1. Can you give the convex hull volume per residue for the Cα atoms of region 139-235, as a whole number of Å³?
2. Taking all protein chains as present, what is the carbon and sulfur share of the accessible area of region 107-160, in % to the nearest whole number, probe 1.4 Å?
3. How far apart, in nm, are the 7 Å Cα→Cβ label points at residue 45 and residue 31?
4. For region 16-90, what is the accessible area per residue in Å² when the probe is 1.4 Å?
5. Out of region 28-63, which chymotrypsin sites (Phe, Trp or Tyr not before Pro) are coil in DSSP terms and have no more than 15 other C-beta atoms within 10 Å?
Amino acid sequence: MSTSFETWRDRFERLRSNKAFELTVITIIVVSALLIGAKTYEETNRFQQWLLVMDVAITVFFLVEILIRMAAEKRLRDFFRRGWNVFDFLIVTASLIPLDDSEMVLLARLLRVFRVLRLVSMIPELRMLIAALLKSIPRMGYVALLMFIIFYIYGAVGSFLFASVDEKLWGNISLAMLTLFQVATFESWATAVLYPTMETYPYAWIYFLTFIFLTAFVFLNMMIGIVLDVMQKENMLMELESGEGEAAEMQGLRQDVRELQGQLNRMEALLEGHDSHRHHQNAE
C-alpha cells in the first residue's frame, strides 16, 4: 500500500514539475480572465450557456490542479506552509461557489475575478515583484509620512496665502492638500492652479516649484530607489535558492551514480566469482 502511494506521489510530483503542465495552467488562467471580461459585454448574453459551461470546466480544472499539487507533497501540511499555496487554495475554494444562486451570484463573480491573480503564484518573476513590493512597504511608509508632512506644511501655507484667490482650491487645509496633490501629478496644474494664483501673487511660482521639486523629484526618486534596492535583494535571493535547488539535484544525481556504480561492482564481483568457480570445476 505504501509503495503504491509513493508511486502515485512521484507521478504527481513529476506532473507538477512538468513545464507543459505549468504552461497549461497559465493558459487556463488567461482564458479564465478573458471569460470574466467577456461577461461584461451585452453581446455575449446569447452565449450565456456556453460561458457557464466554460466557467464550470475551468473551475473543475483548477480544483483538479490544486489536488494534484497537494497530492505531490510528502506531507499535506507541507503544502500549506507556503504562502502562495494557501493563496491558490483559497482562490480555488472560493471559486466553488455556484453562479446559479441569485443571492450569491455577485459574490461568486467577484471571487472569480481574483483567479487572475493566480498568474502571480505561477510565474516566479511575478512572485519576486510582489515580494519586493510587500517588503518595500515599511520603508516606503516613512517616505510617505515625510511626504504627508510636506503636503501638510505646504497646504497650510497655501491656505493662508491663496484662500482669497480661489476658495474652492485653497479654502481650507484639506482643499489645499487636494490641490497640491493635483499639482504633484501635473494634472492641468499650470492653467488651473499656477497662472490664476500668479495673477494675484506674482512670486507664487516659488511656492509651487519648490513643492514640485520636493515631491516629484526627491520623494518619488526615493520611492523608486527603495523598490529597486529590495528588488535587487529579492532577485539575488531567488538566484541563490535556484542555485541551491540545482546543487541538491546534482547531489542526488551523484548519489544515484554512486549507487549504480556500487551495484555494477557487486555484479562484476559475482560474475568473477562464478567464472572462478566454473574454472575450478573444469580443472577438477
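1. Working: hull volume 8.0 nm³, N = 97.
About 83 Å³ per residue, rounded to a whole number.
2. 82
3. With each label point 7 Å from Cα toward Cβ, the separation is 2.7 nm.
4. Using a 1.4 Å probe on heavy atoms only, each residue of region 16-90 averages 65 Å².
5. On the way: sites: 41, 47, 50, 61, 62; in loops: 41.
Filter output for region 28-63: 41.
The values are calculated or read from the model by the stated rules, or taken from the named source; none is laboratory data. Keep in mind that what you see is a predicted model, and the values were worked out from it rather than measured. Glycine also receives a Cβ, built like all others from the backbone with ideal geometry; neighbour counts cover every protein chain displayed. Heads up: the accessible areas ignore ligands, DNA and RNA and are worked out on the full protein's heavy atoms, side chains in. Shrake-Rupley method; radii C 1.70, N 1.55, O 1.52, S 1.80 Å.
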